[in-house]
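J.: Structure in structure tokens, see below.
Each reported figure results from applying straightforward, stated rules to the coordinates on display, with no laboratory input. In this text, all values refer to a predicted model and were calculated from it rather than measured experimentally. Neighbour counts run over all protein chains shown; Cβ positions are idealised from the backbone, glycine included.
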Amino acid sequence: MTDLSATHDAAVTDRGRLTGRAYNDDRGLAARQSLYQWQTPRYDLPGLVAEQLRAVRGRVVDVGCGNGKFIKRLRQDRPDLSLLGLDIAPGILADVPGPVAVADVARLPLAAASVDAVLALHMLYHAPDIAQAAIELSRVVTADGLVIASTNSDRDKAELDELWVRAAGDILGTGRGPARISLSARFSLEKAPAFLDEEFGRVETIELPGTITVRDPEPVVAHMASYQAWADQHDVPFEATIERARTILVDHIARKGAFEITCLGGILICRR
């Protein structure tokens, strides 16, 4: 189990894999984001983040800003803020409204206490040393500043995990195959407070439960295929497993009318 965990951690945090394959553009991330348009209730996550920043004035830095989903919304809703987007992957920053810079959460190019709020949204599980990343976030934010992180629960999208195990088992002829990789497992909603409590006196978790209901297999297939950068970690032919999952989905939807996925994500509001 230790070796498996170490292998998983190395794959999820490998800088070459992240910058060169997983986030060299935003296709994989966009596929994962787009699945939520079929979720009920429908959460406006950028809007929720903007609401948490309502009392913040000055400088806000989005660390691991990805394709700029949150920065774009804040530029629209909060033109008074000074915004900066940072990410380790130059390719994914191509369409993010500037200013942006290439930077790693392990060593932020920011002076101590120079930022009024920091966003670290669905990205801390990619930090090789999550505790050190939390120290960096704490270092750069002002004494009365705010850090907003987000991630998924260990129980998030269990139906997709089961679909993968079944499809992989069919491909391997073993009944049930190996589990698919979980990006958020290292910094799940359940584990996150333990990392953040070390640096922040108050950590509030806001859970965002919901159900995704699809009547077309393709959004689910696109979501599963978005893990292509980690295909070598699955101990099963990746594309064949994706195709088998599509067949299972088509059959399930024909019989049941829809495929449902239980979701549980959340945001963590951190203050000193």
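J.: Scan the range 193-224 for residues that are in contact with a Gly (Cβ under 9 Å, 6 or more places away or on another chain) and either among the aromatic types (Phe, Trp, Tyr) or under 16 Å from GLU260 (Cα atoms) (or both) and jot them down.
T.: PRO209, GLY210, ARG215 - these are the residues of the range 193-224 that are in contact with a Gly (Cβ under 9 Å, 6 or more places away or on another chain) and either among the aromatic types (Phe, Trp, Tyr) or under 16 Å from GLU260 (Cα atoms) (or both).
J.: Have a look at PHE195, PHE200 and point out the one that is aromatic (Phe, Trp, Tyr), over 17 Å from GLN33 (Cα atoms), within 19 Å of the chain's Cα centre (by Cα) and not in a strand (DSSP E or B).
T.: Residue meeting the stated conditions: PHE195.
J.: So which residues in the range 131-161 are of a type in the set (Ser, Thr, Tyr), surrounded by fewer than 21 Cβ atoms within 10 Å (Cβ to Cβ) and within 14 Å of LEU196 (Cβ to Cβ)?
T.: SER138
J.: Here's a follow-up. Scan THR241, THR213, THR174 and give me the residue that is touching a residue at least 60 places away in the same chain (Cβ under 8 Å) and surrounded by fewer than 16 Cβ atoms within 10 Å (Cβ to Cβ).
T.: THR213
J.: Can you pull out the residues in the range 114-136 that are outside any strand (DSSP E or B) and touching a helix residue (DSSP H, G or I) at 6+ places or on another chain (Cβ under 7 Å)?
T.: Listed by number, the residues that qualify are SER114, LEU124, TYR125, HIS126, ALA127, PRO128, ILE130, ALA131, ALA133, ALA134.
J.: Would you mention how many residues in the range 45-75 are hydrophobic (A, V, I, L, M, F, W, C) and either without any contact (Cβ under 8 Å) to a residue 12 or more places away in the chain or assigned to a strand (DSSP E or B) (or both)?
T.: Qualifying residue count for the region: 4.
J.: Please verify whether the range 239-255 includes one or more residues that are assigned to a loop (DSSP other than H, G, I, E, B), more than 22 Å from the chain's Cα centre (by Cα) and not hydrophobic (A, V, I, L, M, F, W, C).
T.: Within the range 239-255, not a single residue is assigned to a loop (DSSP other than H, G, I, E, B), more than 22 Å from the chain's Cα centre (by Cα) and not hydrophobic (A, V, I, L, M, F, W, C).
J.: Moving on. Inside the range 171-195, can you point out the residues that are over 24 Å from ALA22 (Cβ atoms) and either in contact with a strand residue (DSSP E or B) (Cβ under 7 Å, 6 or more places away or on another chain) or of a type in the set (Val, Ile, Thr) (or both)?
T.: THR174, PRO193
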